[in-house]
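The values are calculated or read from the model by the stated rules, or taken from the named source; none is laboratory data. Computed from a prediction, not measured in an experiment: that's the story for all the values here. In this analysis, Cβ positions are derived from the backbone assuming ideal geometry, glycine residues included, and neighbour counts consider all displayed protein chains. Heads up: the accessible areas ignore ligands, DNA and RNA and are worked out on the full protein's heavy atoms, side chains in. Shrake-Rupley method; radii C 1.70, N 1.55, O 1.52, S 1.80 Å.
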Amino acid sequence: MLFNSWPFLIFLVCTFTVYYLIPLAGGTVGIQVGFLVLASFVFYGFDGPWLTLLLGGSVLVNVYLSRQIVHRIRAGRSPRGHLAAGVTVNLLILGFFKYAGFLAEVFLPGEGLAGVRATLKSIPLPIGISFFTFHMISLLVDLVRLSGSGGVASLEQEYLAGRTTSAGGRVALYVALFPQLIAGPILKAHEFFGQVRLKRFGEIEWAAASRLLVLGYFLKMVVADNLREATGLLTTPLMPRLGALDLWALLYGFSFQIFADFAGYSLIALGLGKLFGYQLPTNFNFPYLAASITEFWRRWHISLSSWLRQYLYIPLGGSRRGEARTYVNLFLVMFLGGLWHGAAWSYAIWGTAHGLFLAGERLLATKVLHKPEGAGTVPASLFWRLSRATLVFQLVSVLWVLFLMPDFRQATLFFRHLVTQPFTGSPQTLFVVAVYGAPVVLWHALALGREAGLWPAAWTTRARRFAWLGYAVLLFFIVTNPGATGAFIYFQF
């Protein structure tokens with residue numbers, strides 16, 4: 001079920017109404033949580049009811065494992081065995097559905113195994129499986145990790161003791177909460193369970209929720225969906241006939257599109273979360289202002305970057321085990337992060353390239369500039385920062401091609417035509433990219449001015465006073481100029 005569809009609007013109105021009628025009728029938080037879990041399963045299984053079996057089975061397995069971990073902690077015994085079993089089971093489920101076909105291509109070559117390869121490649125990819133797998137791993141790891149920090153009592157009471165709701169209900173809601181189920185933001189367990197309580201209609205943050213929803217739907221329906229109609233040319237047989245200027249324009253157009261699409265989804269998810277009384281983490285912070293690849297990953301898909309750092313990079317040793325190990329860890333984390341996005345070599349190459357850039361920047365900072373990790377990400381000179389941000393945007397945009405064209409041969413063909421075709425372009429293509437890319441550029445420019453302190457305080461105050469007018473304009477464009485409805489790009493991951 002797409003956020004930008006009529007069935008979702010009907011689903012949202014019905015779910016919202018019943019959800020807030022429950023406390024008015026004297027219902028408990030357990031009933032309210034149970035209803036929201038049920039609604040989330042309906043949302044997830046709308047286009048494929050079999051998906052609810054996978055999600056439900058995964059939830060039951062992790063409820064059992066989380067209970068066993070808590071029981072062992074309370075009994076003074078080590079929970080590491082159950083943690084290892086839980087992480088392994090979750091990764092095996094993810095690997096079976098997402099990587100079986102890819103691994104079959106790599107490890108089962110030969111004519112005699114063609115049937116086996118075809119069978120494994122035909123396994124359907126459940127939407128959102130990467131995201132809810134990460135949620136389940138976060139739950140199990142947080143229980144073990146935080147139990148040694150003096151927080152075991154609060155962890156047991158907040159998420160599993162069941163003072164007001166059952167352990168199963170809390171875990172199911174954490175994993176299946178529909179605003180973030182399909183494409184995040186990725187919630188960490190310790191950020192969520194303390195929020196589970198009875199939610200009342202009068203507590204809704206209407207202004208904040210409305211702003212997030214209007215901006216999110218504008219980015220998705222007006223910017224991303226209109227750009228998608230243009231950038232779709234790059235994946236058709238017409239691509240080799242386009243001039244180099246068109247190819248460059250569409251390359252940047254896809255950069256604007258993937259940002260507007262995913263940032264739009266994340267803002268909608270945050271807005272929906274607020275409507276139901278839950279605070280989801282910010283996922284984007286103007287990533288195309290980044291003056292380095294390191295800074296880019298602090299601004300793009302922040303919840304994934306944070307998850308990879310906390311649950312993969314640090315357990316691997318982070319930067320604590322010498323320089324050589326640090327570079328290996330950076331490379332490995334980004335390589336695996338690339339494969340997390342998709343079971344294809346193009347994603348692995350994309351992740352590898354980002355890993356090499358991260359390692360190179362660290363090497364340059366520590367060996368040449370003699371700065372500690374993370375220092376100097378925002379240069380004092382605005383011109384210098386813009387120059388670096390332009391270079392980073394160029395690098396990121398080129399690598400986004402591997403997302404648009406997971407078939408590496410097609411991506412190679414695109415890059416070849418990018419430098420060999422005549423430098424010509426279609427006025428229509430250039431116009432579409434310029435018009436629908438402009439909001440992304442303008443939004444980043446306003447943020448740059450704010451970060452650099454270019455806007456006087458009086459301007460900021462005046463702008464906030466008339467912000468409603470800007471959101472009214474965005475709403476007008478949502479109604480009058482949406483692109484053809486399409487799935488969110490990150491649904492495929």
If you add up the charges near Thr429, with Lys and Arg at +1 and Asp and Glu at -1, over every other residue whose beta carbon is less than 14 angstrom from its beta carbon, what do you get?
-> 0
Find which of Val214, Phe383, Leu395 sits farthest along the positive direction of the dipole of the chain, computed with +1 on the beta-carbon of Lys and Arg, -1 on that of Asp and Glu, about the Cα centre.
-> Phe383
Which order do peptides 472-485, 242-255, 50-63, 30-43 fall in by mean Cβ count within 10 Å, highest first?
-> 242-255, 30-43, 50-63, 472-485
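Holding the Cα-Cα limit at 28 Å, pick out from Lys98/Lys220; Lys121/Lys188; Lys121/Lys274; Lys220/Lys274 the pairs that are longer than that.
On the way: Lys98/Lys220 26 Å; Lys121/Lys188 32 Å; Lys121/Lys274 39 Å; Lys220/Lys274 19 Å.
Beyond 28 Å: Lys121/Lys188; Lys121/Lys274.
Please list 257-265, 418-426 highest first by mean number of surrounding beta-carbon atoms within 10 Å per residue.
By packing density, highest mean first, the sequence is 257-265, 418-426.
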Per residue accessible area of the chain, 1.4 Å probe, in Å² | 45
Label of the coordinate-derived value, volume of the Cα convex hull per residue in Å³, listed as (1) 182; (2) 221; (3) 144 = (1)
Could you tell me which helices of the chain pass both thresholds, a Cα extent of 30 Å or more along their own axis and a mean Kyte-Doolittle hydropathy of at least -0.5, with helices taken as whole DSSP H runs?
-> 50-74, 80-107, 244-275, 382-404, 427-451
Would you kindly state how much longer the chain becomes between Phe46 and Leu391 on full extension, computed as 0.36 nm times their sequence separation minus their alpha carbon distance, in nm to one decimal?
-> 119.9 nm
Cβ under 12 Å from Val33's Cβ, Val33 left aside: what net charge do those residues give with Lys, Arg +1 and Asp, Glu -1?
-> +3
